[in-house]
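Scroll down for the structure; my scribbles are underneath it.
The values are calculated or read from the model by the stated rules, or taken from the named source; none is laboratory data. Note that this is a predicted model, so its numbers are computed, not measured. Every residue, glycine as well, gets a Cβ built from its backbone with ideal geometry; the counts of neighbours run over all protein chains shown. For accessibility, only protein heavy atoms count, side chains too; no ligands or nucleic acids. Shrake-Rupley method; radii C 1.70, N 1.55, O 1.52, S 1.80 Å.
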Amino acid sequence: MKQLSLILFLMSFHSFAYRLNTSNSAAFGNSKIYFYVTSNSTCTNAGIDANELLDLAEEAADKFWNTVATSSVRLQSGGLYETSDSLFQTGILCPEQSDSSCNTATSVPYVSKLLIACNSETTSNFPSDDYIAIGAPTRLAGTRIRGSVILINDTATSPFAGLSRSEKISVLAHELGHAIGLGHSNKSEALMYYQNPETISALSQDDIDGVTYLYPNEAEDCSGIIGSITDAEPPRFLFQFLLSAGLFIAFWNRKRITQKLSIR
C-alpha cells in the first residue's frame, strides 16, 4: 500500500509531450494490427522491392512498438496486398482529417487496412528530399481508425536508398506510429519527434506513454486512464486529489499496522 501511495504521488508530477494524429484520439479497434505492402510497389528509386520493404516493416514493429509491456498493441505482417492500382504509386496521400478536399481521381485510394507503398508523387507527398516517408490514417469512423497508409519516397532523388538498414527500420517505425494514431512528439529523444527518426534506436518514455494511451494494457497499466495529450502539468485539482489519496492510503496503512502491533 505504501508503494501505491508513492506511485500516485509521483504520477501527479508526470507530463507528456506526445501528440495524437487525429483530433479525437482515434485508434484501431483491434490492438492486433496487420500491415501489408502493395504488391505493385517496385520501389526502384528507394533501393528495395516489395518483399524487402515488408521485412523492414516487420523488423520495425518488433524492434519498437511490439516491445511495450504497458501497451496491448501488436503489429504483424499480413504479407503482400495484391493490387494493380497505380494510384498507390503516384497518388496524393489524403488523410481523412484534412484541411483540403481530396480528389479521388488523384489520391491514394482509401483502404480498410494498414498499407505500405512506394510513391513518387512530388507535388504534395515528396516536394523535396527532406521527406523520407509519410504516413497517416486515411479512413476514420468516429474514434476508430479503419485504414492507414504509409508511403516511402520513391522519387528520382529519394534519400531512402542511402540509409542503412537500421535507419530504414527506424523510419518505418516512425511512420507505423503515425499509422496507428500517434502524432509528433516534442521530445527530441523520441522516435515520434518530427526530425531525424532514422537516428533513434529505441523508444523513449514519451513514445511509450503515447502508444499506451491509445492502446492500454489494462491488466498492467493505468496510464491510459489518466494520460494527457498536452505538454502541460496535470490540472491542480488532479494533483490535489492524487496527493490526498496517497496520504490517506499511507495513513490508513499506518493505522492498521499500529493496531496489529498493539494486539501482539
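Within the range 115-157, can you find the residues that are among the β-branched types (V, I, T) and crowded, with 23+ Cβ neighbours inside 10 Å?
Once the filter is applied, which keeps residues that are among the β-branched types (V, I, T) and crowded, with 23+ Cβ neighbours inside 10 Å, the range 115-157 yields I116, I132, T138, I145, V149, I150, I152.
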Restricting the range 174-211 to residues that are among the β-branched types (V, I, T) and surrounded by 24 or more Cβ atoms within 10 Å (Cβ to Cβ), the residue that is farthest from T67 (Cα to Cα):
I180
Test A61 against the criterion of being in a strand (DSSP E or B), more than 20 Å from S25 (Cβ to Cβ) and in contact (Cβ under 8 Å) with a residue 12 or more places away in the chain, and give yes or no.
no
Would you confirm whether or not the range 76-87 contains a residue that is more than 27 Å from P159 (Cα to Cα), open to solvent by 70 Å² or more (accessible area, probe 1.4 Å), in contact with a Phe, Trp or Tyr (Cβ under 9 Å, 6 or more places away or on another chain) and touching a residue at least 40 places away in the same chain (Cβ under 8 Å)?
no
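Quick one: in the range 46-70, which of the residues that are open to solvent by 70 Å² or more (accessible area, probe 1.4 Å) and polar (S, T, N, Q) is nearest to L214 (Cα to Cα)? Write out each step before concluding.
Of the range 46-70, the ones open to solvent by 70 Å² or more (accessible area, probe 1.4 Å) are 51-52, 55, 58-59, 62-63, 67.
Now narrow it down to the ones that are polar (S, T, N, Q): 51, 67.
Details: N51: 29, T67: 15 Å.
Across the range 46-70, the extreme among qualifying residues is T67.
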So which of S164, S170 is of a type in the set (S, T, Y), closer than 21 Å to A60 by Cβ and buried (at least 19 other Cβ atoms within 10 Å of the Cβ)?
S170
Looking at the range 165-186 only, could you name the residues that are assigned to a helix (DSSP H, G or I) and of a type in the set (S, T, Y)?
S166, S170
